[in-house]
1. Within region C:96-115, identify whether any single residue is facing another protein chain (nearest Cβ under 7 Å) and over 16 Å from the mean Cα position of the chain (by Cα), and answer yes or no.
2. Report the residue count in region C:30-45 for those that are out of contact with any strand residue (DSSP E or B) (no Cβ under 8 Å at 6 or more places or on another chain) and part of a loop (DSSP other than H, G, I, E, B).
3. Starting from residues that are assigned to a loop (DSSP other than H, G, I, E, B) and free of Cβ contacts under 8 Å to residues at least 24 places away in the same chain, keep the ones in region A:51-60 and report whichever is surrounded by the fewest Cβ atoms within 10 Å (Cβ to Cβ).
4. Somewhere in region C:8-21, is a residue out of contact with any helix residue (DSSP H, G or I) (no Cβ under 9 Å at 6 or more places or on another chain), buried (at least 19 other Cβ atoms within 10 Å of the Cβ) and facing chain D (nearest Cβ under 7 Å)?
5. Does region C:28-41 hold any residues that are surrounded by fewer than 20 Cβ atoms within 10 Å (Cβ to Cβ) and touching a helix residue (DSSP H, G or I) at 6+ places or on another chain (Cβ under 8 Å), and which are they?
6. Are any of the residues in region A:102-112 in contact with a strand residue (DSSP E or B) (Cβ under 7 Å, 6 or more places away or on another chain), under 23 Å from residue B:130 (Cα atoms) and buried (at least 16 other Cβ atoms within 10 Å of the Cβ)?
7. Residue E:15: assigned by TED's automatic domain parsing to the domain that holds residue E:161 and out of contact with any strand residue (DSSP E or B) (no Cβ under 9 Å at 6 or more places or on another chain), yes or no?
8. If residue A:174 meets every condition in (1) modelled with pLDDT under 95; (2) under 24 Å from residue B:182 (Cα atoms) apart from one, which number is that one?
């Protein structure tokens, strides 16, 4: 039953409008017990000349990228060890915290720290959750790890979850939890 | 700059309207790079007699509880070992998965599984994130664990994160990750 | 899918709002091929102090009665030969045209004209249709007639349809068609 | 005074918007005693990308034809005995009921039934009324009949009214009343 | 034809809503060549709980007084020499500039300056104009002066115009022009 | 905090939309004590086919010129003694009233009346105020006069204010006040 109208300055493409509609639909359903089919979203777009605040016309701003896409691009680049592509996803002051390690800042630190721990590791994703907040967007990626220990023994099905803070389309912070310590030799 | 209008059937109290406004504000900011101060939300409430769909007046529905509050109530009840209060937060078919354990369903299973692992454990919360989805609401609670090992040795600062699926105000599922295995004797 | 919003001065009761929602729902469906369930109507009511046109606040007006109810009240009163109640439904200048008769104006004319044609007649209604127009509302009542001929022979199942013009809650004109001539002795 | 706003997916041409505005204007005036000049209609059209229900963008649907135009096309085709053109206006299961006849389904049945009754008949229309309903649109066409009896004698001024049910732009049902039995030789 | 909707936090009485409607009606007619009768204003009032900006509910503010009323109260108080009442209309830093005099700040200065110029003076008002600006409201009061010169000779019909800047309901500045110099002895 | 929406027929250029937004912003701030930054204006433009009143589509009208621009054009043309350009700004029945003179109607009358009073005069503008009213727009232009007396002596800093009534983009009336009489030889 809820009907949501959004008034915006134009400048958004179809993908951004779709994400906006989905995010607003899900958000109102945190409070209103309605099925998605009962939630309508209408987007009204205004040209700058049709919008004024404080006696000035304003410009719309380009849409933020989908934070989940930013996180996935980063994780894929790291798995491929494409550090340049991964670095491009990161904001200044980026911090990552892994189980049993002090916070790290540079990707090479992570590569070095990981080297004695396993030959390689791959992520299988069960899902990603995006949380809208008053501050950065939060993205959770969870699933299982598979790979090989230093001695070549394979492992799989180790539970993991990563938490990312994404602001302005760049990753500010990454926190990782996993069950590696439960099972490693 | 975005202005969001929500049309609803009446029946929501101040707390629900506040949550709705905050959720919509944060949701639109996943796409529009605006500061919270630039996002306005107006809630229009209609009496059933002023609303009609399919040639029938409809009734509004009571607001869902804040899923983060449901999760906090559950975790506090568990910490106090008030199993009745904790159980009241759970949906049928509730499943919980802890590191190194098979999925459990009954709270007593968890109590028994935990007994040999530590004398007691307390959670210190760093934050909770709520994700709106097309399905259940997802709540993440993270922080650190402190307590005593079976031999009485205290521990503290062990990282944890719990993921909850909340539907209709009840917890359907809990997944837990933590660094206990990294540090336990 | 269509969403209709109506802005009105307050002063309408629940019955009027329901009729308004139904009429608007049906009206838009003359053009938009949507099922009734896909049509939403929201009524926004303003106090006179919140509405201004031509720099003056305006008063709302009382709702018109449902024209179909006016017609039904008239037909029921005529069948009961309660001429005072029937007359109260009529506007000045009321005209009625029956098959094979010149237009009549006074209810007594109709009673006299009908006397030699049948002992009595009762209407069984199959349905009533209301047409909104730029002028008066049009109401069609159709069904079958039953009764007794002057010689006492009963009749039934004779098709009839009456067309009424209703303006300001009063009947201005009535036109009648029926199959009496097909079957009367 | 009423102001009506309609929110639609785009895809309607000028003729459809005009019909929509007229139908809504007339519909609200069944309840609100306002002159047409006091009723404003504004149509807001959204591109599919700006509209979402149930987390999906929707397509608008093509406008239904004006049911009164469908009926007029049918009646004109029948008068010209262009059975193919007339048939194209009809839905499967079409039924027609004439005074003194059992319901007929095929146009040729009507031609045959009419043959012994008059040499030809022409309709002069006094007006057409369209009723919006929760089901099919109802169209009434009324006026007078003129023509020649089988013996060549002309007739004119015989009152008629036809009731049509139109769904999805096709005629589902026709019911006819007229005064032929009052006057035929 | 223009239709203006204003969304506000509640807290305005009837007088304020009337002034708002009139001001908006006149303002749009600076650009749109419509007669006042063609301009509609609708005021939508929200409770603080139904309005949120920057994730906070806001309070409405009390209406500003009609600046023309403030000016009239001041001029009437001055004419009655009720300096306390007049002073209450003034903001700190109030400045008044009369023809042929340096700017004055205190009402007593004006009384003293005026004493040798005329025995008394009365204002007859032809009209007052209010200008809305991005800064203070501007009020113009014009008409004619009558009174007596120091020697008792009466005078009348001397044209005057006063310009007032009103901010927050208090007069910040007054500029006076008149034809006294054209006619005084 | 106020949010103003204007619904219009299209046909306005950017300059007109800007003036409209500014005028509405300033107008609402006569009543609501909000800073300009807290006032939002959104202009919704409809094609004639999307707007209907009284069952008829309407045409939008071209914007009125900014009345302050009309006044400035007139005053500049007069100062340059371009009487044709000045005359083009005037409506039939134009009246001007100067201090110490009877009302005049033709520009040549003013030229002749002014000739013995000063060799030339130039206006320095301190500001212009525009007042929206239910009738004509009122424009005030104020500042100081400089020039030369008939004997060649220069003068400057003489206060003036002109009041103009502008209807349909043409000046209907001009009233002038100034301190010339205070200082002229």
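The values are calculated or read from the model by the stated rules, or taken from the named source; none is laboratory data. Quantities reported herein were computed from a predicted structural model and do not represent experimental measurements. Note that we place each Cβ from the backbone using ideal geometry, even for glycine, and neighbour counts take in every protein chain shown.
1. Filtering region C:96-115 down to residues facing another protein chain (nearest Cβ under 7 Å) leaves C:99-100.
Still in the list and also over 16 Å from the mean Cα position of the chain (by Cα): C:99-100.
Scanning region C:96-115 turns up at least one residue that is facing another protein chain (nearest Cβ under 7 Å) and over 16 Å from the mean Cα position of the chain (by Cα).
2. 4
3. Step one: list which residues in region A:51-60 are assigned to a loop (DSSP other than H, G, I, E, B), which gives A:54-55, A:57-60.
Pick out the ones that are also free of Cβ contacts under 8 Å to residues at least 24 places away in the same chain and you get A:54-55, A:57.
Numbers: A:54: 14, A:55: 18, A:57: 18.
The extreme case among them is A:54.
4. yes
5. C:34, C:36
6. Of the residues in region A:102-112, the ones in contact with a strand residue (DSSP E or B) (Cβ under 7 Å, 6 or more places away or on another chain) are A:103-105, A:110.
Next, only the ones that are under 23 Å from residue B:130 (Cα atoms) stay: none.
Taking every residue of region A:102-112 in turn, none turns out to be in contact with a strand residue (DSSP E or B) (Cβ under 7 Å, 6 or more places away or on another chain), under 23 Å from residue B:130 (Cα atoms) and buried (at least 16 other Cβ atoms within 10 Å of the Cβ).
7. Taking the combined requirement at face value, the residue does not satisfy it.
8. For residue A:174, the exception is condition (1).
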